[in-house]
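Report on one structure; see the data block that follows.
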Amino acid sequence: MARNYLEGTATNDSGAAEVYRNVSVTPVGDKNALVSATVSAAYATRVDEVSSSLTYVGKAVIGTAVATAGWQISRIVISGTETIITYADGEASFDKIWNDRASLSYS
């Protein structure tokens, strides 16, 4: 049975489980065969329905505090028959603070 080596970037807070992204697996004895995969992580989700036309949705690794950077925040605006979804600072990165959602710029 072949043994695999796991390589990737681990991100974790003290006491939290490690999360790997962009993982490569190399079977022992066959160093030229790399398999790339993305390991999905479980995310905590928060929804703030401010009104019938404005909703904020935040996702972060489970255990991320609402006052800590590490959130991906989107804003959903309903205008007539159109639903517009934008992201804080125009990017889907996980580096925002959930508590700041109303004061962030969205595009």
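Bear in mind that the values in this text are calculations on the coordinates, not laboratory data. Treat the numbers as computed from the prediction; the structure is a model and nothing was measured.
A few notes on this one:
- Cα-derived Rg to Rh of the stretch 43-103, Kirkwood definition: 0.98
- Extension gain, Thr83-Ala69: 0.36 nm per intervening residue step, less the Cα-Cα distance, totals 2.3 nm.
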